[in-house]
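What follows is a set of notes on a single structure, which appears directly below.
The values are calculated or read from the model by the stated rules, or taken from the named source; none is laboratory data. All of these numbers come straight from a predicted model, not from anything done at the bench. With ideal geometry, Cβ positions are generated from the backbone for all residues, glycine too; neighbour counts draw on all protein chains shown. Heads up: the accessible areas ignore ligands, DNA and RNA and are worked out on the full protein's heavy atoms, side chains in. Shrake-Rupley method; radii C 1.70, N 1.55, O 1.52, S 1.80 Å.
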Amino acid sequence: MLRAAAAYDNGGYAARPPLGWQSWCAVGSCGTDHCFDSQIRETADAMVANGMLAKGYEWIVLDDCWHPTRDQSGDLVPSPTFFPDGMQPVIDYVHAKGFKFGLYTSVGTETCHGGWSPGSYGHYERDARLFAAWAVDWVKMDWCGDERSAEGHANFSRALNATGREMILELCRGPYAGENGWGYAPQIAQVWRAAKDHHDDFSNTLSQINALAAHPDWSGPFGWAYGDMMMTGGEGCDPYDPAVPTHCPKQTDAEYRTEAASYAVLSSPMMVGTDVRNMTKIMEELLLNDELLAIQRDVAHKAAKIRWSRGGGEALVRALKDGGVAVAHSFSWSGRTTRRS
């Protein structure tokens, strides 16, 4: 029996699994979690120049990297070191380039990067109003700090809706998953994480794929289980210079192919977490791949199922609207994808 997500439509975003970029592993290795005014503008410029925007990668979402504090009135203020002119000029620049923009917070009292920024607990309505005033389009809500609760998730979702602005809510971990579905996530969010953080490590990539493949029928329009940011091309290098985009890949090209092919056939949002200002050959091959993108965004919205295995390999098979199927098969996890009619 299908358990398609009964997610609410907040005005049109996420009718299909989103495509875009998130910042977590772009500057330095995963977990460094820094981002900068100039870097975000350059990323938007690069995504226009390299063809990503034209292919549908319309989201630019910042992680904990904007490192806010609260001013005397209680409003969030971005780090003056990283965003000396505030957040609004960056958001305006990104929007002017044709993208939608997202920011990060936590449901608890602190954010996850060492607790060095306040979470939204006790400020759900205030933060939602501020994000709406800044014209934010996506809010990623993490699961850190004290006072974390499912009730907090629901209260923040209501606060976002009360602003009247269309915004995707992404739940990053929490007690929503259950044996019979994704619990309350589809009723309050458009995107929710299926597993723990994704790192640039193939065993971790497989854990993301397995988490998505375990429940392929529990996602659908306006509600998508997410395998976290894709590591295509490799995380950033240490030490880092934010003005110099680098990659220090920890997976092989074949493993990155497995990642991209699996995310596509499993209907996961495809949000790239590496530095797209420097598009390597494997990044161009996968991120600009028309066939993969067509499969991921096929209007049939039927996520893949593991239907066949032989000799230690497995195949993820997805039905398509035109009556064909997409097959991501894994002989030694090569990650090749075939479209068959």
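Side notes on the structure shown:
- Failed condition for ARG173, given (1) assigned to a helix (DSSP H, G or I); (2) modelled with pLDDT under 95: (1)
- Candidates ASP45, ASP33, ASP92, filtered to the one that is charged (D, E, K, R) and in a loop (DSSP other than H, G, I, E, B): ASP33
- Boolean, HIS199 is touching a residue at least 24 places away in the same chain (Cβ under 8 Å), of a type outside the set (D, E, K, R) and either closer than 30 Å to HIS247 by Cβ or part of a loop (DSSP other than H, G, I, E, B) (or both): yes
- The condition (being touching a helix residue (DSSP H, G or I) at 6+ places or on another chain (Cβ under 6 Å), touching a residue at least 60 places away in the same chain (Cβ under 8 Å) and under 24 Å from SER73 (Cα atoms)) is satisfied by just one residue among VAL90, VAL107: VAL107.
- Single residue of segment 246-278 satisfying the filter (within 24 Å of GLY102 (Cα to Cα) and open to solvent by 40 Å² or more (accessible area, probe 1.4 Å)) that is nearest to the chain's Cα centre (by Cα): ARG277
- Of all residues in segment 148-195 being closer than 16 Å to ASP127 by Cα and among the acidic types (Asp, Glu), the one that is surrounded by the fewest Cβ atoms within 10 Å (Cβ to Cβ): GLU166
Yes/no matrix, rows are residues, columns are (1) in a strand (DSSP E or B); (2) touching a Gly at 6+ places or on another chain (Cβ under 7 Å); (3) modelled with pLDDT under 85; (4) not small (Gly, Ala, Ser):
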{"site": "ALA261", "(1), (2), (3), (4)": "no, yes, no, no"}
{"site": "ALA264", "(1), (2), (3), (4)": "no, no, no, no"}
{"site": "SER267", "(1), (2), (3), (4)": "no, no, no, no"}
{"site": "MET279", "(1), (2), (3), (4)": "no, no, no, yes"}
{"site": "MET283", "(1), (2), (3), (4)": "no, yes, no, yes"}
{"site": "ILE295", "(1), (2), (3), (4)": "no, no, no, yes"}
{"site": "SER332", "(1), (2), (3), (4)": "no, no, yes, no"}
{"site": "ARG339", "(1), (2), (3), (4)": "yes, yes, yes, yes"}
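Listed here are the residues, each with its yes/no results for (1) free of Cβ contacts under 8 Å to residues at least 60 places away in the same chain; (2) under 13 Å from the mean Cα position of the chain (by Cα).
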residue	(1), (2)
ALA154	yes, no
ASN161	no, no
ILE168	no, yes
CYS172	yes, yes
ALA177	yes, no
ALA194	no, yes
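- Scanning segment 255-301 for residues that are among the hydrophobic types (A, V, I, L, M, F, W, C) and touching a Phe, Trp or Tyr at 6+ places or on another chain (Cβ under 7 Å) gives MET270, MET271, VAL272, VAL276, ILE282, LEU286.
- Scanning segment 308-329 for residues that are under 13 Å from LEU266 (Cβ atoms) and either charged (D, E, K, R) or modelled with pLDDT under 70 (or both) turns up GLU314, ARG318.
- Against the numbered list (1) open to solvent by 30 Å² or more (accessible area, probe 1.4 Å); (2) under 19 Å from VAL191 (Cα atoms), HIS113 comes up short only at (2).
- If you go through segment 59-86 and keep only what is charged (D, E, K, R) and either in a helix (DSSP H, G or I) or within 27 Å of SER29 (Cβ to Cβ) (or both), you end up with ASP63, ASP64.
Here is a yes/no grid of residues against (1) free of Cβ contacts under 8 Å to residues at least 12 places away in the same chain; (2) in a loop (DSSP other than H, G, I, E, B); (3) over 21 Å from ILE168 (Cα atoms):
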{"site": "ALA225", "(1), (2), (3)": "no, no, no"}
{"site": "ASP241", "(1), (2), (3)": "yes, yes, yes"}
{"site": "GLU255", "(1), (2), (3)": "no, no, yes"}
{"site": "VAL299", "(1), (2), (3)": "no, yes, no"}
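- If the condition is being free of Cβ contacts under 8 Å to residues at least 60 places away in the same chain and either within 17 Å of TYR176 (Cβ to Cβ) or in a loop (DSSP other than H, G, I, E, B) (or both), then segment 209-223 contributes ALA211, ALA214.
- Count of segment 107-135 residues, restricted to those that are in a loop (DSSP other than H, G, I, E, B) and either in contact with a Cys (Cβ under 8 Å, 6 or more places away or on another chain) or within 20 Å of ASP33 (Cα to Cα) (or both), is 12.
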